[in-house]
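Trainee: Please see the structure below; I have some questions.
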Amino acid sequence: MPGKSDPPSLTTAKDNLRVVLVETRNPLNIGASARAMANFGFSRLRVVKPYDVAFREARSAVGAAPVLHAAEECASVAEAVADCRLVVGTTSLGHRGLQHSLRRLEVGGRLILRAAAKTPVALLFGSEKFGLSNDDLSHCHWLMRIPTVGTDLSMNLGQAVALCLYELARDGKAVEASPEKIRGATAGEMEQVTSMLLEVLRQSGYVNSLTAASTEEKVRRLMRRLSVTYRDAPVLMGMLRQVLWKLSGR
């Protein structure tokens with residue numbers, strides 16, 4: 001279920017990615033993983049020997065029932081990755097001696113997307129207690145880790161899946177896009193607001209007759225620095241009009 005606005009390459013990559021959960025102990029984590037997949041537009045979930053056969057009813061899979069119900073159960077990692085050209089395992093550093101290349105999420109995510117745009121790719125997550133075993137890792141081409149603060153720390157399985165899929169789904173160019181600009185008020189609109197504000201200041205006694213000209217100039221410059229939008233100008237006018245009404249004693 002890729003996003004409607006995804007470019008073709010990302011749509012293909014999402015279709016080609018297999019999220020593989022190996023020997024997950026808590027069905028709620030499978031549900032949370034399915035929910036993350038649904039949120040970011042991924043749909044191919046495979047589970048290897050889950051501890052709870054009732055995982056498809058996990059309450060944590062809010063809005064992700066289709067992903068959970070379509071999940072494929074596999075007897076082994078070999079079966080789960082058989083159709084994939086690239087297999088990537090996830091791991092925390094811990095004290096394990098790793099025999100694979102290890103990449104951070106930012107770098108690994110780009111490599112996964114590049115491969116998944118052309119061919120099926122498996123992304124493996126191990127059990128909550130032990131992670132991926134050495135036998136599981138032997139099926140991987142390389143490993144990827146989420147850069148946590150300490151080497152002895154690891155993330156909750158559902159969180160780890162969500163973070164990895166976010167990295168794959170996010171548009172790196174989106175942060176460079178300029179926000180939508182709202183048209184500023186015209187000089188005429190700003191002068192209307194300024195004139196009404198000056199009238200409020202005069203009636204309230206703020207404006208001193210000896211410095212009135214200087215005060216008006218300062219207020220006018222102040223209003224221009226506020227960068228009032230065309231939407232805000234009538235709101236300010238309404239507020240000032242109400243203040244004037246109150247000052248007049250009506």
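Residue-by-condition table, conditions (1) surrounded by 11 or more Cβ atoms within 10 Å (Cβ to Cβ); (2) in a loop (DSSP other than H, G, I, E, B); (3) modelled with pLDDT of 90 or more:
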| position | (1), (2), (3) |
| --- | --- |
| Glu199 | yes, no, yes |
| Leu210 | no, no, no |
| Ala213 | no, no, no |
| Val219 | yes, no, yes |
| Pro234 | yes, no, yes |
| Met237 | yes, no, yes |
| Leu240 | yes, no, yes |
| Gly249 | no, yes, no |
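Trainee: Moving to a separate point now. Would you check which residues across segment 53-89 are modelled with pLDDT under 65, under 25 Å from the mean Cα position of the chain (by Cα) and buried (at least 21 other Cβ atoms within 10 Å of the Cβ) and list them?
Mentor: Ala58, Ala61
Residue-by-condition table, conditions (1) in the same structural domain as Ala82 (by TED's automatic domain parsing); (2) buried (at least 16 other Cβ atoms within 10 Å of the Cβ); (3) free of Cβ contacts under 8 Å to residues at least 12 places away in the same chain:
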site: Ile112; (1), (2), (3): yes, yes, no
site: Ala116; (1), (2), (3): yes, yes, no
site: Val121; (1), (2), (3): yes, yes, no
site: Leu124; (1), (2), (3): yes, yes, no
site: Ser127; (1), (2), (3): yes, yes, no
site: Asp135; (1), (2), (3): yes, no, no
site: Ser138; (1), (2), (3): yes, no, yes
site: Leu143; (1), (2), (3): yes, yes, no
site: Thr148; (1), (2), (3): yes, no, no
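Yes or no, residue by residue, for (1) out of contact with any Gly (no Cβ under 7 Å at 6 or more places or on another chain); (2) more than 14 Å from Val161 (Cα to Cα):
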| site | (1), (2) |
| --- | --- |
| Leu105 | yes, no |
| Pro120 | yes, yes |
| Leu124 | no, no |
| Asn134 | yes, yes |
| Ser138 | yes, yes |
| Met144 | no, no |
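The values are calculated or read from the model by the stated rules, or taken from the named source; none is laboratory data. Keep in mind it's a predicted model, so treat the numbers as computed, not measured. Neighbour counts run over all protein chains shown; Cβ positions are idealised from the backbone, glycine included.
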